[in-house]
Amino acid sequence: MSDLFGNEPFWVVALKAGLIFVILVVYTLFNIWLERRVVARMQHRVGPNVHGPFGLLQSLADGVKLALKEDLVVTAADKVVYVLAPILAVIPAFLAWAVIPVGPEVRIPFTDTVTPLQLTDLPVAVLYILAVTSIGVYGIVLAGWSSGSTYALLGGLRSSAQVISYEVAMGLSFVTVFLYAGTMSTSEIVAAQTDLWYFLPLLPSFVVYVISMVGETNRAPFDLPEAEGELVGGFHTEYSSLKFALFFLAEYINMVTVSALATTLFLGGWRAPFGLAQVWEGANEGYWPVLWFLGKTLAFMFVFIWLRGTLPRLRYDQFMAFGWKILIPVSLAWIFVVVLLRKAQNEGLVSDLTVDAAGVAVAALLLAVIALRREKPSPPRPEQATGTADDGYPVPLRYEEASR
């Protein structure tokens, strides 16, 4: 951890905080455009192509439209909580970026000040990210409760159960990273991946995290809290104008946040791709690492978009069973395996290649279990048997008997 953290001038901290805010907002506008273009390409459509070059200003136009629309507050809503809920959802999304490193120490242009491309760091930085992002679900739950709508309330309750379930699996996937790096500091975890990125020896943890981050962000096929087919729109059904835009902003920033965390913990953070640093000495110096970091997060964003364009939404019982009966038990078993392998590796009993092979084997087993798992059809109950009414339509047997 750099000694500069906590000892920098106020203007440097303010500058970095302002840059984080601006970059996240601009990145969100770009990701919305990217999602529309990629999904349109998957569905053989054109997508946005009118406003600005390649339609890049479409997201900005939509944001202005949302801000200028009439702001409605439903009569049955709890006014104070109704207004605070979207604010409570979007602020933690920004706060999580305080400890995410996007590059090494650099010199600020036109000055002699050297600063790390990270707002600050903590000995428990990863736990800070988990704590802050989990606060965001309160905004969703309170939005559903305060709206005075049954559909919104169901969406808020689903979200709370979903986040609790998949945050457990997500947290367990971090334990193996802590065992390998020996720290919870994000900057030190990136430094520990100088020679080998952790996605290879910890491939099962990486797979569990990627699945959990989709459920954590309420994205398809895990977008149960806002299932428009059954809940109209979920927790934000009664929201409009700028308050709805805040929920939209929070969702996309959370997507970038979990992508950045996956990059930091498993893909070497801001470090250059494999082999590039060996042929180019300056690949991990200056502002070039910011490009590698953004490229890795953009790859995860493409995965989010790909899933939305290809997979149907799960049933709620399938979704919860998948988290509690597969992801969490596999994570616990894998932690036990990593403890044994790490102990044997430190004592020289096994080689690094053996540890990597074990990680690949367990990940392959996990994917095979997911692919081959089939839900057993439940046998029909006697009261579900059907008869035939006088008009020829099938009816439940009990109704038929009662009509006689």
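The values are calculated or read from the model by the stated rules, or taken from the named source; none is laboratory data. Since this is a predicted model, take the numbers as computed values, not measurements. A quick note on method: Cβ atoms are made from the backbone with ideal geometry, for glycine too, and the neighbour counts reach across all protein chains shown. Just the protein is used for accessible areas: all its heavy atoms, side chains included, with ligands, DNA and RNA removed. Shrake-Rupley method; radii C 1.70, N 1.55, O 1.52, S 1.80 Å.
Expressed per residue, the C-alpha convex hull volume of segment 30-86 stands at 123 Å³. Shape class of segment 1-160 from the alpha-carbon gyration tensor: oblate, with a/c at 1.5 or above and b/c at least as large as a/b.
Reported value for segment 231-358: 183 Å³ per residue, from the convex hull of its C-alpha atoms. Residues F10, F235, sorted by accessible area with the largest first, give F10, F235 [1.4 Å probe; ligands and nucleic acids excluded].
What the phi angles of segment 27-32 give under the Karplus curve with 6.51, -1.76 and 1.60, with θ = phi - 60°, is a coupling list of 4, 5, 4, 5, 5, 5 Hz, glycine and proline written as x. Counting charges near V46 (Lys, Arg +1; Asp, Glu -1) among other residues having Cβ under 12 Å from its Cβ returns a value of +4.
With all pairs of separate Cα atoms included, segment 107-197 yields a Kirkwood hydrodynamic radius of 16.1 Å. Specify which residue in the list A192, P53, G18 is farthest towards the positive end of the charge dipole of the chain, using unit charges on the beta carbon of Lys, Arg (+1) and Asp, Glu (-1), about the Cα centre. Among A192, P53, G18, the one farthest towards the positive end of the dipole of the chain is P53. Nearest 500 deg cm²/dmol is fine: what mean residue ellipticity at 222 nm does the chain get from its DSSP H runs of n ≥ 4 alone, each adding -39,500 (n - 2.57), divided by its residue count? Counting only the DSSP helices, I get -20500 deg cm²/dmol. Against the chain, whose longest principal axis comes from its Cα atoms, helix 288-310 is set at around 10 degrees. For the pair segment 162-213 / segment 300-366, the C-alpha centres are spaced 10 Å from each other. Scattering from segment 211-282 was approximated by placing one identical point on each alpha carbon and applying the Debye formula without solvent; log10 I(q)/I(0) at 0.13, 0.19, 0.24, 0.27 1/Å stands at -0.55, -0.83, -1.08, -1.19.
log₁₀ I(q)/I(0) of the chain at q = 0.11, 0.12, 0.14 Å⁻¹, via Debye over equal Cα point scatterers, no solvent, to two decimals? Log10 of I(q)/I(0), two decimals: -0.91, -1.06, -1.36. The accessible surface of segment 105-164, taken with every protein chain in place and a 1.4 Å probe, is 72 percent carbon and sulfur. In the chain, the sites counted are GluC sites (Glu not before Pro) in DSSP loop states with at most 11 other Cβ atoms within 10 Å, and the longest stretch holding none of them, exclusive of the sites, is 71-346. Between S241 and L84, the simple spin-label model (points 7 angstrom out along Cα→Cβ) gives 2.1 nm. For E105, nonlocal amide neighbours, meaning residues 5 or more places apart or on other chains whose placed amide H falls under 5 Å from its own, are L117. P(r) tail, segment 149-297: Cα-Cα pairs separated by more than 19 Å, 59% of all pairs. Between the helical axis of 79-95 and the longest alpha-carbon principal axis of the chain there is an angle of about 40 degrees. Remark: segment 186-195, residue by residue, has Karplus-estimated 3J(HN,Hα) of 5, 5, 6, 5, 5, 5, 6, 9, 4, 8 Hz, where x stands for each Gly or Pro and the curve is 6.51 cos²θ - 1.76 cosθ + 1.60 at θ = phi - 60°.
Across segment 260-273, rounded Karplus estimates of 3J(HN,Hα) from the backbone phi angles (6.51 cos²θ - 1.76 cosθ + 1.60, θ = phi - 60°) give 5, 5, 4, 4, 5, 8, 10, 10, x, x, 7, 6, 5, x Hz, Gly and Pro being marked x.
Projecting label points 7 angstrom from Cα along Cα→Cβ for V26 and L57 puts them 1.7 nm apart.
Rounded to the nearest 20, the Cβ-based charge dipole of segment 221-341 about its Cα centre (Lys and Arg +1, Asp and Glu -1) stands at 240 debye.
Over segment 126-262, accessible surface divided per residue gives 30 Å², non-protein components excluded, 1.4 Å probe. As a rough guide to protection, the peptides 73-81, 190-198 ranked by mean Cβ packing within 10 Å, highest first, stand as 190-198, 73-81.
Would you mind checking the tilt of helix 125-146 against the longest principal axis of the Cα atoms of the chain, expressed as 0 to 90 degrees and rounded to 10? Computed tilt is about 30 degrees. Label positions at A40 and A333, each projected 7 Å from the Cα along the C-beta direction, are separated by 4.5 nm.
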